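The values are calculated or read from the model by the stated rules, or taken from the named source; none is laboratory data. None of the values given here were measured: they were computed from a predicted structure. Note that we place each Cβ from the backbone using ideal geometry, even for glycine, and neighbour counts take in every protein chain shown. Protein only, heavy atoms only, side chains kept; ligands, DNA and RNA dropped before computing areas. Shrake-Rupley method; radii C 1.70, N 1.55, O 1.52, S 1.80 Å.
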Amino acid sequence: MKLYHHPLSGHSHRARLFLSLIGLPHELVEVDLQAGAHKQPDFLKMNPFGQVPVLADGDVFISDSNAILVYVAKKAGQTAWLPEDAKGAAEVQRWLSAAAGEIAYGPAAARLVTVFGAKFNPEEVIGRAHTILGRIENQLQGREWLVGSRPTIADVAIYSYVARAPEGNVDLSAYPSVNALLARVEQLPGFVDFVKTPVGLAA
């Protein structure tokens, strides 16, 4: 397998993290986003949306980080990470949807403002970030993981952008259960860190 990624992309880290957690051999191929490599014809053949990450598995190309999590879990038979029962699968999917929705338009968008100079309204996206962080905090009351009694791809999906939310001026200090979850993910065998963004990159 090859994972086409960029080290500052939380979506890319999400996919890389899961591959590492389950010990699935893969090659990392960095895509030069600044040079527009993700918009070139060869890349667009793999992902017409022109986004990282993309997982190449032989002649199969999977784009979208959450789709990669599902594909890898299914391909590797990782039923502990992606439950087979209807209720467990639905609960995991709910958090994958949150990662693609509320997290993408909350903490991830807030980070895009400060790191990449995105033209979002900072107050609006920071407010969205606190809304979803509050929901995650409530979900974690009396439990260690988002779904069930052990980590799933739901926890992987929310980790990267929540862990780096402070880069977007989103304060995590009011969410002890969220911080505890981040720490538990970081203690898992095979964990790989999401690189902190160099100061002043946006400038």
For region 113-130, check the following and say yes or no: at least one residue is under 22 Å from Ala67 (Cα atoms), of a type outside the set (Gly, Ala, Ser) and in contact (Cβ under 8 Å) with a residue 12 or more places away in the chain.
no
Any residue at all in region 5-14 that's under 19 Å from Lys75 (Cα atoms), in contact (Cβ under 8 Å) with a residue 12 or more places away in the chain and open to solvent by 70 Å² or more (accessible area, probe 1.4 Å)?
no
Do we have Phe43 as closer than 19 Å to Tyr4 by Cβ, in contact with a strand residue (DSSP E or B) (Cβ under 7 Å, 6 or more places away or on another chain) and of a type in the set (Phe, Trp, Tyr) here?
no
Quickly run through region 79-115 and pick out the residues that are within 17 Å of the chain's Cα centre (by Cα), of a type in the set (Gly, Ala, Ser) and open to solvent by 10 Å² or more (accessible area, probe 1.4 Å).
Ser97, Ala100, Gly101, Ala104
Any idea which of Val70, Val52 is closer than 24 Å to Glu30 by Cβ, among the hydrophobic types (A, V, I, L, M, F, W, C) and in contact (Cβ under 8 Å) with a residue 60 or more places away in the chain?
Val70
Matching residues in region 25-65 (open to solvent by 70 Å² or more (accessible area, probe 1.4 Å) and in contact with a helix residue (DSSP H, G or I) (Cβ under 7 Å, 6 or more places away or on another chain)) number 2
Find all pairs meeting these conditions: Cβ atoms under 7 angstrom apart; at least six residues apart or on different chains; first residue within region 167-189 and free of Cβ contacts under 8 Å to residues at least 24 places away in the same chain; second residue open to solvent by less than 90 Å² (accessible area, probe 1.4 Å) and part of a helix (DSSP H, G or I).
Leu182/Tyr159; Leu182/Val162; Leu182/Ala163
